[in-house]
Amino acid sequence: MRNDSSHSSKNVVLLVTIFVVLFWLLYSLVNALYENQQIQNELDAIVDQNEAIEDRINLKKREAEYLLTPQRVDKEAKIQMGRKKPGERVMVFIEEKLDIIPNTNQRLRPAPVEAIGVPVWKKWWWRFRGN
């Protein structure tokens with residue numbers, strides 16, 4: 001009598017071998033996909049960095065082009081050396097000195113003038129209404 005059962009040792013070994021090979025192929029495929037995703041993420045990050053660097057380079061190029069223009073040279077001469085063309089009017093903006101210029105809330109009313117012969121009501125008038 002032949003033992004043709006489906007659970008023969010050859011069949012079990014063959015099934016286990018097929019299962020191991022399939023598992024190894026599946027693991028290799030998943031591992032390759034994961035590594036591919038990591039590489040793609042790194043490439044995307046590098047592309048973003050390149051675009052940011054390219055934007056900075058373009059900005060610096062525009063700044064360099066401006067630095068070479070005669071308008072910039074004229075502006076720097078006016079700002080640093082106080083030079084101006086004949087008949088030219090110059091407007092000066094004071095940004096960093098604003099703290100020394102009092103605003104309307106900080107202005108003090110003038111003190112009454114201590115003068116001999118000035119009536120008291122006039123001194124009070126100066127005190128509350130100014131000169």
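The values are calculated or read from the model by the stated rules, or taken from the named source; none is laboratory data. Note that the coordinates shown come from a computational prediction; the quantities given were computed from them, not determined experimentally. Cβ: placed from backbone, ideal geometry, glycine included. Neighbour counts: every protein chain shown.
Condition first: modelled with pLDDT of 80 or more, polar (S, T, N, Q) and surrounded by 10 or more Cβ atoms within 10 Å (Cβ to Cβ). Can you find one or more residues in segment 55-63 that meet it?
Step one: of segment 55-63, the residues modelled with pLDDT of 80 or more are 55-63.
Now narrow it down to the ones that are polar (S, T, N, Q): 58.
Applying the additional criterion that residues be surrounded by 10 or more Cβ atoms within 10 Å (Cβ to Cβ) yields 58.
Looking for residues that are modelled with pLDDT of 80 or more, polar (S, T, N, Q) and surrounded by 10 or more Cβ atoms within 10 Å (Cβ to Cβ), one finds at least one in segment 55-63, hence yes.
Scan segment 36-59 and give yes if some residue there is under 30 Å from LYS85 (Cα atoms) and aliphatic (A, V, I, L, M), otherwise no. No, segment 36-59 has no match at all.
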